[in-house]
Amino acid sequence: MFKKILKRTAVVLFLLLAGVAVVTMARQHLTYEAPYPNITASKNPAVIERGKHIVLVSNNCVQCHSPAPDPVRLLKQGQTPSLAGGKKVETPFGTIFTTNLTPAKSGIGSMTDGEIARVLRYSVKPNGEAVLPFMQGQNMSDQDLTAVISYLRSLKPVENKVPEHEFTILGKFARAFMLKPSPPEPTHTLAKK
């Protein structure tokens, strides 16, 4: 009798785990609807300089998106670190590789200004998937978004094909059930496609 109970319990647990695994894999590429902000890059040097300050200092994007080992030190020395991405970040959720922010084809070169603005403001990629929740930009004004995109467009393109993220089982589970876009305040839920 006890063996039968153990056997049935094992079968139920196996089926439950298999079901969770299947659902987790099916939810790896959820997509969301989000508006495209009406933002257009400017060639105005003052706007570009404002964007440079936001990217390199205020929002500290350079810390993650520069392949340099110590981009802050380079900034203190008066140098401008590359934003070619590819920095490898080990987490319990997997290995994350930061995005190339230069206007190269392997970076943001194939994205429209509206697509870049949507990623920054709504945390939604051009393909509709949510970006990982490490960026801060959701509450930037249209003027600051314009400045950031203008600065990024002014950079020298650096071809640097960044590898895909390598998620652990925990990372895949988190991506399937917890990763959602981070819209600006006041918070509202974006509809799934």
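Observations on the model:
- When the residues of the range 147-178 are filtered to those that are touching a strand residue (DSSP E or B) at 6+ places or on another chain (Cβ under 9 Å) and among the basic types (Lys, Arg), the one that is least open to solvent (accessible area, probe 1.4 Å) is ARG175.
- Every residue from the range 113-127 that is without any contact (Cβ under 8 Å) to a residue 60 or more places away in the chain and within 9 Å of the chain's Cα centre (by Cα): VAL119, LEU120, LYS125
- Test: residue in the range 117-124 that is under 30 Å from ALA18 (Cβ atoms), part of a loop (DSSP other than H, G, I, E, B) and in contact with a strand residue (DSSP E or B) (Cβ under 7 Å, 6 or more places away or on another chain): no
- Residues that are part of a loop (DSSP other than H, G, I, E, B) and more than 22 Å from PHE177 (Cα to Cα) within the range 71-97 comprise GLN77, GLY78, GLN79, THR80, PRO81, SER82, LEU83, ALA84, GLY85, GLY86, LYS87, listed in sequence order.
- Residue match in the range 74-94 (condition: more than 23 Å from PRO157 (Cβ to Cβ), open to solvent by less than 30 Å² (accessible area, probe 1.4 Å) and at pLDDT 95 or above): yes
The rows are residues; the columns are (1) touching a Phe, Trp or Tyr at 6+ places or on another chain (Cβ under 8 Å); (2) modelled with pLDDT of 95 or more; (3) part of a loop (DSSP other than H, G, I, E, B).
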{"position": "TYR36", "(1), (2), (3)": "no, yes, yes"}
{"position": "SER42", "(1), (2), (3)": "no, yes, yes"}
{"position": "LYS52", "(1), (2), (3)": "yes, yes, no"}
{"position": "ASN60", "(1), (2), (3)": "no, no, yes"}
{"position": "PRO69", "(1), (2), (3)": "no, no, yes"}
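- Taking the numbered list (1) closer than 14 Å to LEU155 by Cβ; (2) under 16 Å from the mean Cα position of the chain (by Cα) in turn, ASN59 passes all entries but (1).
Conditions (1) in contact with a Leu (Cβ under 6 Å, 6 or more places away or on another chain); (2) at pLDDT below 90; (3) over 27 Å from GLU49 (Cα atoms), marked per residue:
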site: ALA117; (1), (2), (3): yes, no, no
site: MET140; (1), (2), (3): no, no, no
site: ILE149; (1), (2), (3): no, no, no
site: LEU155; (1), (2), (3): no, no, no
site: ASN160; (1), (2), (3): no, no, no
site: HIS165; (1), (2), (3): no, no, yes
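- The selection criterion, being open to solvent by less than 30 Å² (accessible area, probe 1.4 Å), touching a helix residue (DSSP H, G or I) at 6+ places or on another chain (Cβ under 8 Å) and without any contact (Cβ under 8 Å) to a residue 40 or more places away in the chain, holds for LEU56.
- Looking only at the range 21-49, and only at residues there that are β-branched (Val, Ile, Thr) and open to solvent by 60 Å² or more (accessible area, probe 1.4 Å), the one that is nearest to VAL148 (Cα to Cα): THR40
The values are calculated or read from the model by the stated rules, or taken from the named source; none is laboratory data. Model, not experiment: these values are computed from the prediction. Quick reminder, even Gly has a Cβ in these numbers, built from the backbone with ideal geometry, and neighbours come from all protein chains shown. Heavy atoms of the whole protein, side chains included, go into the accessibility calculation; ligands, DNA and RNA do not. Shrake-Rupley method; radii C 1.70, N 1.55, O 1.52, S 1.80 Å.
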